[in-house]
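One structure is given here, and the rest of the page talks about it.
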Amino acid sequence: MTLRPDSHLKRLFLRARLTAGAEVELDHAQANYLVNVLRMNEAEPLLVFNGRDGEWRAGLAARSRKARSLVIGEPVREQPPDPDLHYLFVPLKQARLDYMVEKATEMGAGRLRPVLSQHGQVTRINLERMEANAIEAAEQCGLMTVPAIDEPAELQALLDTWPNREADRRIIFCDEGAESASPLAVLAALPPTPLAVLIGPEGGFSAEERQILRACDFVTAISLGPRIMRADTAAVAALAVVQAVSGDWR
């Protein structure tokens with residue numbers, strides 16, 4: 001892969017609309033990050049994106065002794081289509097959840113969807129922290145979009161509404177008890193359709209939950225091989241397999 005000439009520049013996610021010549025005021029946290037953490041000087045260039053208007057070159061400007069803004073320059077990259085892969089997961093404890101969100105973002109998940117299950121150890125989730133980790137991953141890895149993050153949903157409620165809301169999106173359920181040892185063969189045999197990847201909690205879903213999942217005609221179970229993985233490791237493995245066979249790695 002050939003790097004762009006400006007790939008060395010720092011990147012920042014903004015919520016404001018991006019147009020040539022616009023001046024975007026930075027909030028305190030963003031200004032502190034650029035000035036005190038990155039030690040950027042006035043007019044020093046960086047790249048900005050908002051997930052809608054593509055990537056733009058911008059320059060740092062001082063509005064006052066403490067306030068900073070960015071002056072938007074010229075466009076660098078057009079906005080690509082949003083990633084269409086959904087990642088469904090039972091939340092983990094905080095440090096490992098941070099890692100999972102970061103890696104799912106890097107692996108091209110377009111929507112992160114927490115699922116509450118019988119064996120889950122976490123019921124309260126800091127969605128703002130999840131978003132902050134996703135934004136940081138997108139900034140550091142040259143991504144153009146930040147995944148949407150849903151409110152947590154009970155597994156049964158999610159499955160009950162799925163046929164009505166997302167009839168054409170198949171759930172790829174990563175199940176250590178799946179019959180086939182080859183996830184590649186199972187995925188390759190599926191007709192083209194939008195996908196969602198589902199990873200269970202530490203210790204897996206309960207027997208009742210597994211039975212419910214496997215009874216759904218919109219769920220396909222796959223194995224991730226002979227080893228038992230921790231949930232955050234399984235996230236990377238599953239997303240890599242799905243992207244390689246059925247996603248944007250093809």
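The values are calculated or read from the model by the stated rules, or taken from the named source; none is laboratory data. A quick note: this is a predicted structure, and the numbers were derived from the prediction, not measured. Reconstructed Cβ throughout: ideal geometry from the backbone, glycine too, with neighbour counts over all protein chains shown. Just so you know, the surface numbers come from the protein's heavy atoms only, side chains and all, with ligands and any DNA or RNA stripped out. Shrake-Rupley method; radii C 1.70, N 1.55, O 1.52, S 1.80 Å.
Can R111 be described as at pLDDT 95 or above, buried (at least 17 other Cβ atoms within 10 Å of the Cβ) and among the charged types (D, E, K, R)?
Spelling it out, R111 is indeed at pLDDT 95 or above, buried (at least 17 other Cβ atoms within 10 Å of the Cβ) and among the charged types (D, E, K, R).
Would you be able to say whether some residue in the range 56-65 is at pLDDT below 95, within 20 Å of the chain's Cα centre (by Cα) and among the basic types (K, R)? Show your work before the answer.
First, pick out the residues of the range 56-65 that are at pLDDT below 95: 59-65.
So of that shortlist, the ones also within 20 Å of the chain's Cα centre (by Cα) come out as none.
The answer is no, given that none of the residues of the range 56-65 is at pLDDT below 95, within 20 Å of the chain's Cα centre (by Cα) and among the basic types (K, R).
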Taking the range 114-169 and the residues there that are in contact (Cβ under 8 Å) with a residue 60 or more places away in the chain and among the charged types (D, E, K, R), the one that is nearest to K103 (Cα to Cα) would be E139
Identify, from the list I199, I228, I212, the residue that is of a type in the set (V, I, T), closer than 22 Å to V122 by Cα and touching a strand residue (DSSP E or B) at 6+ places or on another chain (Cβ under 6 Å).
I199
Checked Y87, Y99 against criteria (open to solvent by 80 Å² or more (accessible area, probe 1.4 Å) and hydroxyl-bearing (S, T, Y)); the one match is Y99
For the range 7-25 the number of residues that are more than 22 Å from P81 (Cα to Cα), open to solvent by less than 80 Å² (accessible area, probe 1.4 Å) and over 24 Å from the mean Cα position of the chain (by Cα) is 3
For the subset of the range 66-79 comprising residues that are modelled with pLDDT under 95 and assigned to a loop (DSSP other than H, G, I, E, B), which member is most open to solvent (accessible area, probe 1.4 Å)?
K66
